[in-house]
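This report refers to the structure that appears directly beneath it.
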Amino acid sequence: MPLDSNIVDWDGPDDHGNPVNFSGLIKRTNVGILMEGFNTTNTLLGSFVVTVYVLGFAVGPLILAPAWELIGRVVIYHICSLGFTVFSIACAVSTNMGMLIVFRLFQGCFGSAPVTNGKMGRRPRHLRPRTLPGPRHRASSRRVPDRSQGLVLGLLGSRHYGRILYHHVLSLLRETYPTVLLKRKTQRLINETGNTNLRSKRDNGLSTGQLFLQAITRLFKILFLSPIVFVSSIYVGIVYGHQYLMFSTFTEVFESQYQWPTKSSGLSFLGIGVGALLGLFVIGAVSNRIIKAKSKPIPETPSGGMKPEYRLPPLVVGAFYIPAGLFMYGWSTYYKTHWIVPLIGVAIMGIGNIAVFMCIMSYLVDAFTIYAASVLAANTVVRSIMGALLPLAGPAMYESMGLGWGNNLLGFIAVACIPVPWVMLRYGERMRLAFDASKL
């Protein structure tokens, strides 16, 4: 089939305009700059003021995911950074619980930008040329503080306001969405050559409204029609719900069981923060080693034999850490053992949580490539709803079952979920190929 000379594409696999070929400094800069009380006796409202932020993570992607695909990453990042900063300040100056809840909801909507999108891996030299963006080092680019670390660090400094603002350096952040970059390249070439017949390789001829509708419907179609996306989203949602349930009860548990003063109660988050931070580096390194070992270049496969399922082995191991940490935390707090024991328990849980988040997010990006924004948005919607609602049952559950059996219940649910990673590893490719996102 002859090539159309009016189709604008990358100038070969080493085109420096392609975001996968950005220099390491640019990639690290892009990633780095993106990471940056009320009197009430209502315990349900007290939990909700924590989790309503996560509910915003379910609302934001419904608009942001289509917007990514229409106008690119950078503009949305800047808008959301400004909105997040404004509503963070609004939270700080709130004068009643209602105001705080509403502002935290909007804070979550704008704060969902970094987790709705994220795809800029390094292209390994020994695998060039290739059709897939370099996934081998994508885990490395994700080894940066996630929301868990942001929340933990924030809570260490303040009981009520557990968030760190995203600090964006406007002059350094670069656009990384290929569709938008090719559109700009096409327009530049039209201006230079006067050839109005030029069109981007990714231009499908749809209007902006049609593209927006297509993107938002794609999100729900992928979620409910793709078996692997649905299963992984429910699994991540359960883990996320457990994590935020713990977040909403740490302070009360350590104040009541260990008589920690209010000014020191934020230190109860140190365990899960340390565990999550350790997991980020260990799992990232292990994942990269697995990808390097399995993605040997072979003549028949230009991509080097890379399969998204190679992301999943650490997930199988990490799934055991979550129930182990829950059991240890629950019974150690119930029997009031030394405070270091429950902190070790939640650290173990933190390692398991990060294994789930990192492996599944990287897997979905590798599996759906150009539709990654829609897939991550679908996953974010599910896990955010579960993360916002499940913790509301925490106070009543602990009151009726106690710390020991209450956390045992969570641990048993986590044990029941242990087969899910194995099923994904064993049958993930079949489940993934059962759905063709390109036909949406």
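The values are calculated or read from the model by the stated rules, or taken from the named source; none is laboratory data. Keep in mind that this is a model prediction, so the values were computed, not measured. Every residue, glycine among them, receives a Cβ derived from its backbone with ideal geometry; neighbour counts consider all protein chains shown. What goes into the accessible areas is simple: the full protein's heavy atoms, side chains included, and nothing from ligands, DNA or RNA. Shrake-Rupley method; radii C 1.70, N 1.55, O 1.52, S 1.80 Å.
Remarks
For every residue, the table says whether it meets (1) at pLDDT below 90; (2) out of contact with any Lys or Arg (no Cβ under 9 Å at 6 or more places or on another chain); (3) buried (at least 21 other Cβ atoms within 10 Å of the Cβ); (4) under 25 Å from Gln257 (Cβ atoms).
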residue	(1), (2), (3), (4)
Gly350	no, yes, yes, yes
Thr380	yes, yes, yes, no
Met386	yes, yes, yes, no
Ala393	yes, yes, no, yes
Leu403	yes, yes, yes, yes
Val423	no, yes, no, no
Leu440	yes, no, no, no
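- Only listed residue being modelled with pLDDT under 80, under 30 Å from Arg199 (Cα atoms) and assigned to a helix (DSSP H, G or I), chosen from Leu62, Leu70: Leu70
- Close Cβ contacts (under 8 Å, 6 or more residues apart or on different chains) running from residues in the stretch 419-436 that are more than 17 Å from Phe368 (Cα to Cα) to residues that are among the aromatic types (Phe, Trp, Tyr) and in a helix (DSSP H, G or I) comprise Val420/Tyr235; Pro421/Tyr235.
- Selected residue (only one of Phe57, Phe103, Phe48, Phe22 is modelled with pLDDT of 85 or more and either open to solvent by 60 Å² or more (accessible area, probe 1.4 Å) or closer than 26 Å to Thr380 by Cβ (or both)): Phe103
Here's the yes/no breakdown for (1) over 20 Å from the mean Cα position of the chain (by Cα); (2) within 28 Å of Ser248 (Cβ to Cβ):
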position: Thr369; (1), (2): no, no
position: Thr380; (1), (2): no, yes
position: Arg383; (1), (2): no, yes
position: Pro391; (1), (2): no, yes
position: Tyr398; (1), (2): yes, yes
position: Ala416; (1), (2): yes, yes
position: Leu433; (1), (2): yes, no
position: Asp436; (1), (2): yes, no
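- When restricted to residues that are buried (at least 16 other Cβ atoms within 10 Å of the Cβ), closer than 14 Å to Asp11 by Cα and not basic (Lys, Arg), the stretch 172-209 contains 5.
- Residue count for the stretch 352-371 satisfying the condition of being open to solvent by 10 Å² or more (accessible area, probe 1.4 Å) and not aromatic (Phe, Trp, Tyr): 6.
- Of the criteria (1) among the polar types (S, T, N, Q); (2) open to solvent by 20 Å² or more (accessible area, probe 1.4 Å); (3) under 15 Å from the mean Cα position of the chain (by Cα), which one Ser374 fails: (2)
- Selection status of Ile413, open to solvent by 20 Å² or more (accessible area, probe 1.4 Å) and touching a Pro at 6+ places or on another chain (Cβ under 9 Å): yes
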